[in-house]
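Taken together, the values in this text are just the output of simple stated rules run on the coordinates, not laboratory data. Here the structure is a predicted model, which means the values were calculated and not measured. Using ideal geometry, Cβ is built from the backbone for each residue, glycine included, and neighbour counts are taken over all protein chains shown.
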Amino acid sequence: SVHTRDEVELPPPAIDNRLTVHPLWPEIDRISTEQIQAAFEGVGGEIGWQLFAEEGDMRMYRREMEVDGMVMDPLKAMHKVRGVSAREMCHYFFNPRYRYEWETTLETMTIVEEISSDAMVFHQTFKRIWPASQRDALFWSHVRADRDTYAVTNHSTTNVDYPANTGACIRLFVTVCLACRSSYPAGERPTRENVTTSIAYCSTVNPGGWAPAGVLRAVYKREYPKFLKRFTSYVQEQCRGKPLAI
Ligand code: 18C
């Protein structure tokens, strides 16, 4: 075959038929559609969004939100990355083969179910932050092309084989969307040299149980910029010298 292993495993341009017959499909489709639509909506001037980190083309905003005394600040980040496509970005974010290489909060990752080429269920445990209990998460992950956008949506789910709050971990709940759009000069062919990808990353994490607000907001402020910078430069490194996949 003329395809490399990476090329055949890139996110498919259309929804995999195996996903559309899965019991989770209606939820996966609804939440992914909502998340992708909201991802590139502006934060500038909107009430409540505050800029908390800025570096080069990266801007991170949060909205302070507490529910029953628990911090659940939604986060929205915008970034621009040169030399990689939206599809490549999403490939590295979705595919578990690369996760330990860029995800620094991770302790363990288990594939719970491989639904289709574009959807999986994961169980993850995270590094413990003193003085809070360790956290885990169980979530589906779905990658799709939606008009000019490639996006990965992750959202918490349940599974009888992975019950919450039975061991050392407290289950947290997460909704994450990484939405990406490529652009290149009009009239030119896209290449590694002229392509730029705009990224919108949105995340809401419900800690699931008590966590000191001050510690949590400090972790949040440190870890989100670290994640986005590390992940985007990881993808740039991985793609260097490889043919561009649009
Ligand atoms: O989106 C990201 N990663 C994806 C693939 O893993 C996936 C993951 C989502 C889970 C995000 C929740 C991570 C919680 C981590 C808690 C422990 C951190 C320890 C770090 C110390 C070295 O979608 C990238 C995710 C980037 C995560 C940034 C950190 C967000 C912190 C939010 C608060 C979490 C509350 C946990 C309670 C801790 C008590 C103080």
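For the reader, a short list of remarks on this structure follows.
- Cα gyration tensor shape of the stretch 21-91, rounded if a/c is under 1.5, else prolate or oblate by comparing a/b with b/c: oblate
- If you take the Cα centroid of the stretch 41-102 and the Cα centroid of the stretch 109-125, the two points sit 22 Å apart.
- DSSP bridge analysis restricted to the chain gives an antiparallel fraction near 95%, rounded to the nearest 5.
- Per-residue 3J(HN,Hα) values for the stretch 191-205, derived from phi via the Karplus relation 6.51 cos²θ - 1.76 cosθ + 1.60 with θ = phi - 60°, read 9, 4, 7, 10, 8, 10, 10, 8, 10, 10, 10, 10, 8, 10, 10 Hz in sequence order (x marks Gly and Pro).
- 0 to 90° range, to nearest 10: angle between helix 25-39 axis and the chain longest Cα axis: 80 degrees
- Label-point separation in nm, D68 to R222, each point 7 Å along Cα→Cβ: 2.8 nm
- Listed values for the stretch 225-233 are Karplus-derived 3J(HN,Hα) couplings in whole Hz (6.51 cos²θ - 1.76 cosθ + 1.60, θ = phi - 60°), namely x, 4, 4, 5, 5, 5, 5, 5, 6, and x replaces Gly and Pro.
- What you get for the stretch 20-147, charging only the Cβ of Lys and Arg (+1) and of Asp and Glu (-1), is a dipole of about 320 debye around the Cα centre.
- The chain, relative contact order [Cα under 8 Å, separation at least 6], %: 24 percent
- Charge dipole of the chain (Cα centre as origin; +1 on each Lys and Arg Cβ, -1 on each Asp and Glu Cβ, all else neutral): 620 debye, rounded to the nearest 20.
- Nearby lysines by direct alpha-carbon distance to K76 (threshold 29 angstrom, same-chain neighbours under 8 apart not counted): K127, K221, K226, K229
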